[in-house]
Amino acid sequence: MFISAWANACQGDNLEAISSRFNSPLFFPGKNFPSPDFGETGTKDLDVHIPVAKIVARGFVFDNKAILGRRAKMSEGKTGKQQPSRVQVVSALITKALEAVDAKTTYGHSRNLLVAQLVSVRERTVPPVPKYCFGNLVAIAMTECTAAEVKNMVFQDFVRLLGDNVGKTVADCAKILSNGEDGHKILVDTIVGFNKKSANSDLNVVLITDWSKLGFYEVDFGWGKPMLAGVADVPIKNLVTLLNSKENGGIEAWVHLDEKDMYYFEQDEDLKMFTTSLG
């Protein structure tokens, strides 16, 4: 099943016909699995009372020069070591700040940490999925740390762990279509596993999705390109969405956080060095 559209994808009057194909089930056929049991999600046995949260969203622009400076500093004296990507640097800065807020303002101590980073499967399978195949073709890279580990982690540790796990998931994408069981394990089992783990009320969960290559600021429906691209409010705590900034090669981060914790997040010293607020 497909639908055709026309897009001015080239310079001048040259037009490229884009045929969007709604055929992802051909590559990722469904299976009749029973609904997963995520267990109890109560708050029993916790030492603190957590009130119902009001989730708010704030946008932050990470300055490109500051990001490049931090990347270069991490590679000093390390011959042959690839610099972390812009997204890895920003993801690590935000995760570190969110962990600090969770430990200092809500619980008074570090908790076990689970970071889920969404990874695009497109152009990473072998053979590749068609360019205009329609669907949410994503895998999850999960990073888990104990409270003791988190307590002693510095910025470089967050960069390394998050980057290594994304790299492993990207490599796994090549195996998704070669073996049905491998594909199911990479795409489905990890999502079900994340849902089960995140139901643990005494676990600090951070969810990061990278939209920096989707070109939101290049979209023109006839009224000109957007002045600001934002993200709708989503009632999910610690949800982070990354976009390319409109100018200067920076990164915009839209962070969803408990309203009472947002002030402390905004006061993080590293974040203040790297960002300006979008409000």
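The values are calculated or read from the model by the stated rules, or taken from the named source; none is laboratory data. Small disclaimer: the values here were computed from a predicted structure and weren't measured. In this analysis, Cβ positions are derived from the backbone assuming ideal geometry, glycine residues included, and neighbour counts consider all displayed protein chains.
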Query raised in the report: Taking segment 186-236, which residues are closer than 24 Å to Ala148 by Cβ and within 13 Å of the chain's Cα centre (by Cα)?
Result: Val205, Val206, Leu207, Ile208
**Report entry** Residue list for segment 248-261, filter: buried (at least 18 other Cβ atoms within 10 Å of the Cβ) and within 19 Å of the chain's Cα centre (by Cα)
**Finding:** Gly250, Ile251, Glu252, Ala253, Trp254, Val255, His256, Leu257, Asp258
Query - Residues satisfying the stated conditions in segment 212-244, i.e. of a type in the set (Lys, Arg) and surrounded by 15 or more Cβ atoms within 10 Å (Cβ to Cβ) - result: Lys237
Report task. Might you check whether a residue that is at pLDDT 70 or above, farther than 21 Å from Lys213 by Cβ, part of a loop (DSSP other than H, G, I, E, B) and within 24 Å of the chain's Cα centre (by Cα) occurs anywhere in segment 65-75? Result -> yes
Query raised in the report: Looking at (1) part of a helix (DSSP H, G or I); (2) buried (at least 16 other Cβ atoms within 10 Å of the Cβ); (3) at pLDDT 85 or above, which is the only condition Val115 fails?
Result: (1)
Report task. Would you be able to tell me the number of residues in segment 118-135 that are farther than 30 Å from Leu98 by Cβ, assigned to a loop (DSSP other than H, G, I, E, B) and touching a residue at least 12 places away in the same chain (Cβ under 8 Å)? Result -> 7
Report summary line: Going through (1) hydroxyl-bearing (Ser, Thr, Tyr); (2) exposed (fewer than 15 other Cβ atoms within 10 Å of the Cβ); (3) not in a loop (DSSP other than H, G, I, E, B) one by one, Thr209 fails only at (2)
